[in-house]
Each structure stands twice: as structure tokens, then as C-alpha cells.
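Below is one structure, written out as C-alpha cells; the observations come after it.
None of the figures in this text is laboratory data; all of them are computed from the coordinates on show. The structure presented is a predicted model; accordingly, all values stated were derived computationally and were not measured. All Cβ positions, even for glycine, are placed from backbone atoms using ideal geometry, and neighbour counts span all protein chains on display.
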Amino acid sequence: MSQSAVAHIETFPPEPVTLFKQLIDAFSKQSIDGLTLMNLATVDEEFGVLNRNVLYRGLSDDDCIIYVTQRFTRNFKNLQANTKCSIAFFMPQVVLPSQGPNPALWQVRLIGATAEELPDSQLDAWWEKELLSSKIRDYVFPCGQPVEYQELVAKHDQFLADHLASGQPLKRPATYTAFKFRAQRWDFLKVGSGQIPDRVQYRRQPNGEWLATHVST
Ligand SMILES: Cc1cc2nc3c(=O)[nH]c(=O)nc-3n(C[C@H](O)[C@H](O)[C@H](O)COP(=O)(O)O)c2cc1C
């Protein structure tokens, strides 16, 4: 029998980051290795717009989303040339007690976001949290260049062996960097099986406060 219903974002706190934290906490318990991905779109001189999936690293002290990258990537160059960007999180199954007992799919978008590179003094703390594989990638892998696969593997294995033999922690390379994002709008979409999605959009007001309303999909 066919069914239709309208999803409902039942309660929403005054600050968008509070709802975001609730979702991320619930989702990361169910995701592989507790990792959460976000899709980052940047303005690109050659292609107009360019997007990619990247790892969500956490929140800054002032509750902004943190993104870590390398100064040699295209997305770094894009953000340096034009700080405007857009970010989307896709969380296919989340159970959030404040939103009822059933699992729902959530999308969170940061609309009209701008990227701000973190000062050097804050980078070591983020570097320490990186997985070893990410740290090695930062040292040995070029980005976006054609490569001979076996050469890459040999380079990686040699680097890993040298690192383990040294017994020393890997120092943060000069190319490692991070951004935080500020958004004009946070857009939350919730949908369950056989439902039409509900959205709540937080719009930043001229006085800096957030105005949250349901928005049709
Ligand atoms: C699961 C996953 C996580 C990723 N996380 C990052 C990341 O945190 N930072 C990053 O620079 N690239 C990350 N990448 C690689 C990017 O998707 C992209 O391929 C790379 O940054 C090059 O993008 P560009 O074309 O903007 O240079 C990740 C890719 C995947 C599949």
C-alpha cells in the first residue's frame, strides 16, 4: 500500500551549532570508525565550481566547523583566492531522541559560508589529532598529479619504515593547514521512509542572532 507523510523536525534549539552537535554525536556513533564526511564546494577559476568529500575534523573554540588540508591542493588555492564556499553533510541514518524514536536521514548545509585560515599557532593541536595515514599522505603524496602507483607504494612503505625506526613523532609539515567556516545560513533537512522532508533554516540576522524557521522542500 502506498504511503505518504510529512517529516517533522520536532524541536530545534536557538543556535544551529547545538542541533549540529547533537546530530554529529549521534551519527558518529553509527559511522565507520566514527568518521564523518562533508562535501566542500569552492569557486574554481578553471571549472567555475569544484566540490569534493573531505573529513569533518571537529569544531573550533568558537563553534566553527574545521577543515584540514594541504597548501598544495586545489581546494586550498581556491579558498585562498576566494573564501566563499558551501558545505553539505549527509547523514543517512540518525536516531536522535529529541526527534522521535525512528531513524531519519539528515542533511546539513552551510549556505553562504566563508573560509578563514587558522593561525599557525593553532595548527599543532589539530596536527596531533591526525591519523598516521593522513600524516604520511601529507609528507609523501603529491596531489592531483599523474603518478606511477608502484612508486607511490614504495615511497609510502619506505617513509613508514623510517618513521617507525626513528621512534620520533612526525612533525607538522609546512604545507599542512586548516580552515574554519562561518555561514550566513544553516539548513537542516530531515526525512524518513515514505516521507516528504521537513527543513529548518537558521538565517543570521543583522544583529548576529539566528532566526530559525521551517522551510518547505
Ligand atoms: C573519505 C575522504 C576524506 C577526505 N578528507 C580530506 C581532507 O580532510 N582534506 C583534504 O584536503 N582532502 C581530503 N580528501 C580528498 C579530497 O576529496 C580531494 O580528493 C583532495 O583534497 C583533492 O581535491 P582538490 O581537487 O580540491 O585538490 C578526502 C577524500 C575522501 C574520500
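Output the residue which, of all residues in region 66-84 that are away from the ligand (no atom under 12 Å from the Cβ) and out of contact with any Asp or Glu (no Cβ under 8 Å at 6 or more places or on another chain), is farthest from V17 (Cα to Cα).
Ranking the qualifying residues of region 66-84, first place goes to N82.
Is it true that P92 is surrounded by fewer than 14 Cβ atoms within 10 Å (Cβ to Cβ) and more than 13 Å from the ligand (Cβ to nearest atom)?
Yes, satisfied.
Quick one: is L105 in contact with a helix residue (DSSP H, G or I) (Cβ under 7 Å, 6 or more places away or on another chain), hydrophobic (A, V, I, L, M, F, W, C) and either within 21 Å of R204 (Cα to Cα) or away from the ligand (no atom under 15 Å from the Cβ) (or both)?
So L105 does not fit the description; no.
Report, by residue number, each residue of region 45-64 that is at negative phi and either more than 12 Å from the ligand (Cβ to nearest atom) or part of a loop (DSSP other than H, G, I, E, B) (or both).
E45, E46, F47, Y56, R57, L59, S60, D61, D62, C64 - these are the residues of region 45-64 that are at negative phi and either more than 12 Å from the ligand (Cβ to nearest atom) or part of a loop (DSSP other than H, G, I, E, B) (or both).
How many residues does region 65-76 contain that are part of a strand (DSSP E or B) and either over 18 Å from T177 (Cα atoms) or over 10 Å from the mean Cα position of the chain (by Cα) (or both)?
Total meeting the criteria: 2.
Could you list, ordered by first residue, the pairs with Cβ atoms under 6 Å in which the first is in region 70-85 and within 17 Å of N53 (Cα to Cα) and in contact (Cβ under 8 Å) with a residue 12 or more places away in the chain and the second is within 12 Å of the ligand (Cβ to nearest atom) and part of a helix (DSSP H, G or I), at least 6 apart or interchain?
Every condition considered, the pairs that remain are Q70/D138.
Would you tally the residues in region 22-44 being part of a helix (DSSP H, G or I) and either more than 11 Å from the ligand (Cβ to nearest atom) or of a type in the set (A, V, I, L, M) (or both)?
11
Conditions: (1) closer than 17 Å to F27 by Cα; (2) out of contact with any Ser or Thr (no Cβ under 6 Å at 6 or more places or on another chain). D62 meets all but one. Number of the miss?
With (1) closer than 17 Å to F27 by Cα; (2) out of contact with any Ser or Thr (no Cβ under 6 Å at 6 or more places or on another chain) applied to D62, the lone miss is (1).
Given the criteria more than 11 Å from the ligand (Cβ to nearest atom), over 24 Å from R199 (Cβ atoms), touching a residue at least 24 places away in the same chain (Cβ under 8 Å) and surrounded by fewer than 16 Cβ atoms within 10 Å (Cβ to Cβ), does E10 qualify?
No: the conditions fail for E10.
Looking for whichever is more than 17 Å from the chain's Cα centre (by Cα) and under 21 Å from L118 (Cβ atoms) here; the options are N102, N82. Which one fits?
Going through N102, N82 in turn, just one is more than 17 Å from the chain's Cα centre (by Cα) and under 21 Å from L118 (Cβ atoms): N82.
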